[in-house]
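J.: Please read through the structure below; I'll follow up with questions.
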Amino acid sequence: MSQTIETSYRVQGMTCVHCELSVREEVEELEGVQSAVADRANGSLIVRGSAERDEIRQAVKTAGYTLVD
């Protein structure tokens, strides 16, 4: 059984509502993700679930943006 946690990430390149939606939808498709909230105003992504950082990074990249280390 995997533990559910809430993790905050920085995302580069989100400038509009469509950007937020694209990131959220890609991340929420990952197994183990319960929810994702992207906020362009502060460049953040908050993920609730058990997905690995590398999986989240790839989903953000697929959406067209960059997860900042």
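Values in this text are rule-based calculations from the coordinates and carry no lab data. None of the values given here were measured: they were computed from a predicted structure. Because the Cβ atoms are built from the backbone with ideal geometry, glycine has one as well, and the counts that use them run over all protein chains shown.
J.: Quick one: if you stick a label point 7 Å off each Cα along the C-beta vector at E52 and E6, how many nm between them?
T.: Distance between label points: 2.5 nm.
J.: Given the options G49, L30, Y65, identify the residue whose Cα lies farthest towards the positive end of the charge dipole of region 1-65 (+1 on Cβ of Lys, Arg; -1 on Cβ of Asp, Glu).
T.: The residue sitting farthest along the positive end of the dipole is Y65.
J.: Can you tell me the orientation of helix 17-28 relative to the chain, as the angle in degrees between its alpha-carbon axis and the longest Cα principal axis, to the nearest 10?
T.: Roughly 20 degrees, rounded to the nearest 10.
J.: Now, a different point. Loop only per DSSP, at most 15 neighbouring Cβ atoms within 10 Å: give me the trypsin sites (Lys or Arg not before Pro) in the chain, ordered by residue number.
T.: none
J.: With angles folded into 0 to 90 degrees, how steeply does helix 53-63 sit against the dominant principal axis of the chain? Use alpha carbons for both and round to 10.
T.: That helix lies at roughly 40 degrees to the long axis.
J.: Then there's this: Using every Cα-Cα pair within region 5-68, state what percent have a distance larger than 13 Å.
T.: Taking all Cα-Cα pairs of region 5-68, the fraction more than 13 Å apart is 51 percent.
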